Amino acid sequence: MRTRSTSSTPRPWPPSVPEPGSTIAERDDGAASAAEQRPAERPPAWPHRHLLDTDVLTWPQIELVLDTADVMGEIVARRRPRSEVMRGIGVTNLFFEASTRTRVSFEVAAKHLSADVVNVSVSGSSVEKGESLLDTMRTLESLGTRVLVIRHATSGAPYLVARESRGSVINAGDGRHAHPTQALLDLYTLRLHVPGGSLRGRKVVVLGDVLHSRVARSNLWTLTAAGADVWLCGPVTLLRGFEAWAATGVGGERRFTVTSDIAAALRDADAVMALRLQQERMAAGLLPSLHEYSARFGLTAERLRLAREGCLVLHPGPMNEGVEIAPEVAAGPRSLVTEQVANGVAIRMAVLSLVTSVSMRGEA
Amino acid sequence: MRTRSTSSTPRPWPPSVPEPGSTIAERDDGAASAAEQRPAERPPAWPHRHLLDTDVLTWPQIELVLDTADVMGEIVARRRPRSEVMRGIGVTNLFFEASTRTRVSFEVAAKHLSADVVNVSVSGSSVEKGESLLDTMRTLESLGTRVLVIRHATSGAPYLVARESRGSVINAGDGRHAHPTQALLDLYTLRLHVPGGSLRGRKVVVLGDVLHSRVARSNLWTLTAAGADVWLCGPVTLLRGFEAWAATGVGGERRFTVTSDIAAALRDADAVMALRLQQERMAAGLLPSLHEYSARFGLTAERLRLAREGCLVLHPGPMNEGVEIAPEVAAGPRSLVTEQVANGVAIRMAVLSLVTSVSMRGEA
Amino acid sequence: MRTRSTSSTPRPWPPSVPEPGSTIAERDDGAASAAEQRPAERPPAWPHRHLLDTDVLTWPQIELVLDTADVMGEIVARRRPRSEVMRGIGVTNLFFEASTRTRVSFEVAAKHLSADVVNVSVSGSSVEKGESLLDTMRTLESLGTRVLVIRHATSGAPYLVARESRGSVINAGDGRHAHPTQALLDLYTLRLHVPGGSLRGRKVVVLGDVLHSRVARSNLWTLTAAGADVWLCGPVTLLRGFEAWAATGVGGERRFTVTSDIAAALRDADAVMALRLQQERMAAGLLPSLHEYSARFGLTAERLRLAREGCLVLHPGPMNEGVEIAPEVAAGPRSLVTEQVANGVAIRMAVLSLVTSVSMRGEA
């Protein structure tokens, strides 16, 4: 199986995803600076009150996030990181799924910006009493929440919430649909390490359980917007639907290949992003066994030799070492896994301050 | 069934409620300002180190809470709400029941006042190890808690805690007994919207599962203290005990009617407060079915036409829309549900600062 | 059964405890001040980036913790306790076991020092997704955690974490192994109340389920380092292993006796520390019944008459009143239980600031 796409317009991934709005604008050249391109309108305006997915972001907007994250990264690097940008602004982490890294990342990012952070997790919340998601949102906004960071097991849930919200909604992962801040931190991390600082024409492989991965979906938008040559690779059963999507094309100059041939995918790759394999997939009969998966699609040091020298390795975490990624690769010199986590704080600070700037603008 | 009461002294609601102390003082005229009434002692002293229920509050004390909430509301309305009133004071939310709105409301209120807030919920606490409630309180006070906000499934639990406490205890809901800050925010919200700003002589209906509602109990004290003509309405099985109580009367000029005739209750009402119907009531055999309940006692737009034009609609939340309240009523122009939540922050700021002023007085 | 030890070198307690490193230095005279002993190097250097157990602490280091806690105690006693010592430093409480007092104690301590505190508990964290302990630690450090306070059901887990940590690790209780801040606060509390302020030669009894107690283990190191005459007392089944350990001796001038004769243990005791009896021990067949245990080893007022007049009573909490300690003893005039909790905040502030001073030193 191998499908290639280089033309026509984007089609959203079918399953139950509201407001796909695949309106990615044509990319600027990633190598040219944002300032050079928009002399009259600097800094470029950020129009999004919410961040629900990366599909609606133009390349200049993506660059704005990354450039803002650069500034935020300098704050984080201080011995005592603290900015006043969101002093007194209410931020609520509303998590309907277990999470350490994403919840703490948003919490730390918001605190660095002096926001007032409240955590609400499903266990121990009145959602158990049957309160609807929209009621919960309205309640939190009435209590002073200006930015709602939401993780939910149902694809599209943050869109439903955003439609009724008076503040800002940031999607921290919804079902198998989207995880925009993860995609942005992945791109940010890649940009810092790719020679020349541009992904244009670079071969980036997303390897593993693509079908169930919100990380893969959101990365597809940002990586292709950056001009990367994106390859999605995994077992046939975990690519289903993407071939058809790729066959109709994702539009413009986007380059996007779907394959289950791991050797073809890894050959001369500039970067590989291994995806977490959810153990639940076995039960669903989509995979014969973990061992089988690991043997055929695990990212091992040996396989990595097919890639370009210095090929970068990413993983959104948490990793199943020995399954989708070998321990020596995860901890190897090309691995950016730890840096991804660290960069996540700067990216989330950037996103929090950008969406807040929009919702505050109306009130000023 | 219909019982009416306009005389004799208050009797506490029987089931296992310690320290009922039904010592509500005679009401002042709600229309007259507190300042006019007490020229020599202004501002009026707040004597309560704890807030366990509204039954012990005199009308001037209730007015003091509402007036303080007005000031707090101005702080909340600021772009960056923050007062220094409780800087460095330890506040602990000790929640033995799931809650989003009440816990977050207290947390936000305490943070607006610059208090140091700690959350302790049962899941994940050593209460699982069998530590007694009193030991937990003593431990938290030894760790610096000055104000303990407690929610507990057992009626009376906060009274037990308050008796041994060296600081302040605020009841955030105990079993079916009391929920004083909810009653105060309900009254505050009503006062803002009733023409003339006084509830004296206004007909206020509390509709639904009165029997199991701590919200109904605490509201009964504040609403009658405000001079409202209170009607409790619901199925006979969910009013049990209240008829007897009403038959003996609740004292003074308090007006208080118990009925299962919803048309009589709603006729010419100035405000209706729908109560949450706990799904567990079906299992207990107290109700035939949700559908039956909804058909006979649900607050629909049609039924609301019996009330006065502009009749206000309240609900303590979370709502079962389509059960005790129709969606179009919940979201209708007369609905104050969202404002109730917002006002809860100001009320809790008022209560936190008032009880703290008492416990700090002894030390100054 | 009675074994006594006054000589030879320390031997670590056998079961599965990594890096026991039983290198306790010879004690100084507890009565002499630290300043008198080290005129050239004052204040004494604190060399430990982590605090995993008390066994590696020299007596001057223990004194440094206690003296620092004295200073911290003055901050805590202020109306609005706040120091700037850890402003902007990330502290994460990573708790794999339920806890109220220890988690809140560390949270309050860190906030008093102006640290940025994040709580992560197992329920509601991605540890459920199978992330390894080391990955969790690395993730948290990448997110800005400088001090990781960890409680884990597995003995030795904090050692594993500390070995890979770039920051500081504080053991908040690991399995049955160690609970160093508890031992330090116990010693601090005793020192405040023992006449003369020194434990040298004082008889201190640790009573109860010694076998399963991390509190007993960590206390053994600090109490013997302080020159106390330590007696471990409990049912034979709950002392197993300690007799052998005692028989070979714990070294130097340490005095350490193991016995199941409670009368001998309590006779002329200056202090008794009752340990919590885990209900699980019954199921394991180590005890016939709670009643039997209570009858033979419960700390009653009558038994306490065997001890010296004014004998101090401690318990690490939470207490099973009526089992290992009688209610009248727990609440009696000799009981320091509440003060232990309060002192825990000062001790944890001292430990947090000391370990942070080491990890910051390298960066300055």
For the range C:165-208, what class follows from the C-alpha gyration tensor (a ≥ b ≥ c being the square roots of its eigenvalues): rounded when a/c is under 1.5, otherwise prolate if a/b is larger than b/c, else oblate?
oblate
Could you give the nm distance between label points at A:Ala244 and B:Glu309, where each point is 7 Å from its Cα heading toward the beta carbon?
5.7 nm
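Among B:Arg82, B:Arg138, which comes first, then next, by fewest other beta-carbon atoms within 10 Å?
Listing B:Arg82, B:Arg138 from fewest to most nearby Cβ atoms yields B:Arg82, B:Arg138.
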State whether the range B:68-202 is rounded, prolate or oblate according to the following rule on the C-alpha gyration tensor (a ≥ b ≥ c being the square roots of its eigenvalues): a/c under 1.5 gives rounded; otherwise a/b larger than b/c gives prolate, and the remaining case gives oblate.
oblate
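For the range B:142-251, rounded, prolate or oblate, judged on the Cα gyration tensor with a ≥ b ≥ c (square roots of eigenvalues), a/c < 1.5 rounded, else prolate if a/b > b/c? All intermediate terms of the calculation are to be shown ahead of the outcome.
On the way: a/c = 2.47, a/b = 1.46, b/c = 1.69.
Taking the square roots of the gyration eigenvalues as a ≥ b ≥ c, the range B:142-251 is oblate.
Only counting other Cβ atoms within 10 Å, I'd like C:Thr136, A:Thr154 sorted with the fewest neighbours first. Kindly include the intermediate steps, with their values, before the conclusion.
Numbers: C:Thr136 25, A:Thr154 15.
Lowest to highest Cβ neighbour count: A:Thr154, C:Thr136.
Would you please name the GluC sites (Glu not before Pro) within the range C:290-343 that are DSSP coil residues with at most 15 other C-beta atoms within 10 Å of their C-beta? Each step should come with its number before you reach the end.
Working: sites: C:Glu292, C:Glu302, C:Glu309, C:Glu321, C:Glu324, C:Glu328, C:Glu339; in loops: C:Glu309, C:Glu324.
When the GluC sites (Glu not before Pro) of the range C:290-343 are filtered for loop state and at most 15 Cβ neighbours within 10 Å, C:Glu309 remain.
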Can you give me the C-alpha center-to-center distance between the range A:135-163 and the range B:127-199, rounded to a whole angstrom?
28 Å
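For peptide A:342-354, compute the average count of partner chain beta-carbon atoms within 10 Å of each residue's beta-carbon.
Numbers: counts 5, 1, 3, 3, 0, 0, 0, 0, 0, 0, 0, 0, 0.
Average per residue, whole number: 1.
Kirkwood hydrodynamic radius of the range C:201-343 from all distinct Cα pairs, in Å? Each step should come with its number before you reach the end.
Details: mean 1/r = 0.0664 Å⁻¹.
By the Kirkwood definition, the hydrodynamic radius is 15.1 Å.
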Please list, by residue number, every one of the trypsin sites (Lys or Arg not before Pro) in the range A:261-309 that is coil in DSSP and has at most 12 other beta-carbon atoms within 10 Å.
A:Arg305
For a bin width of 10 Å, list the pair-distance distribution of the range B:289-357 built from all Cα-Cα distances, rounded to whole %.
19, 39, 24, 13, 4
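Counting only other chains, what is the mean number of Cβ atoms within 10 angstrom of the Cβ of each residue in peptide B:84-94? Could the numbers behind the result be given before it?
Working: counts 1, 0, 1, 3, 7, 3, 5, 0, 3, 0, 1.
Averaged over the peptide's residues, the number is 2.
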Shortest first, in nm, what separates the label point of B:Arg166 from those of the same position in the other copies (7 Å along Cα→Cβ)?
4.3, 4.3
Report the label-to-label distance for C:Thr154 and B:His291 in nanometres (one decimal), using points 7 Å from each Cα along the Cα→Cβ vector.
5.4 nm
So the label point sits 7 Å from Cα along the Cα-to-Cβ vector; using that for B:Gly197, what distances do you get to the other copies, in nanometres, sorted shortest first?
6.1, 6.1
Explain nothing, just the number: relative contact order of the range B:261-364, from Cα pairs under 8 Å at least 6 residues apart, as a whole percent.
30 percent
Separation between Cα centres of the range C:276-349 and the range B:291-336, rounded to whole Å
56 Å
Under 5 Å between amide hydrogens, which residues at least 5 positions from C:Val272 or on another chain qualify, with H placed 1.01 Å from N in the peptide plane?
C:Val205, C:Leu312, C:Val313, C:Leu314
Mind listing the label-point distances from B:Arg87 to the same position on all other copies, shortest first, one decimal in nm, points 7 Å along Cα→Cβ?
1.4, 1.4
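Every number here is computed from the coordinates shown, using simple stated rules; none is lab data. Keep in mind that this is a model prediction, so the values were computed, not measured. Cβ coordinates were reconstructed from backbone atoms using ideal geometry, including for glycine residues, and neighbour counts include every protein chain displayed.
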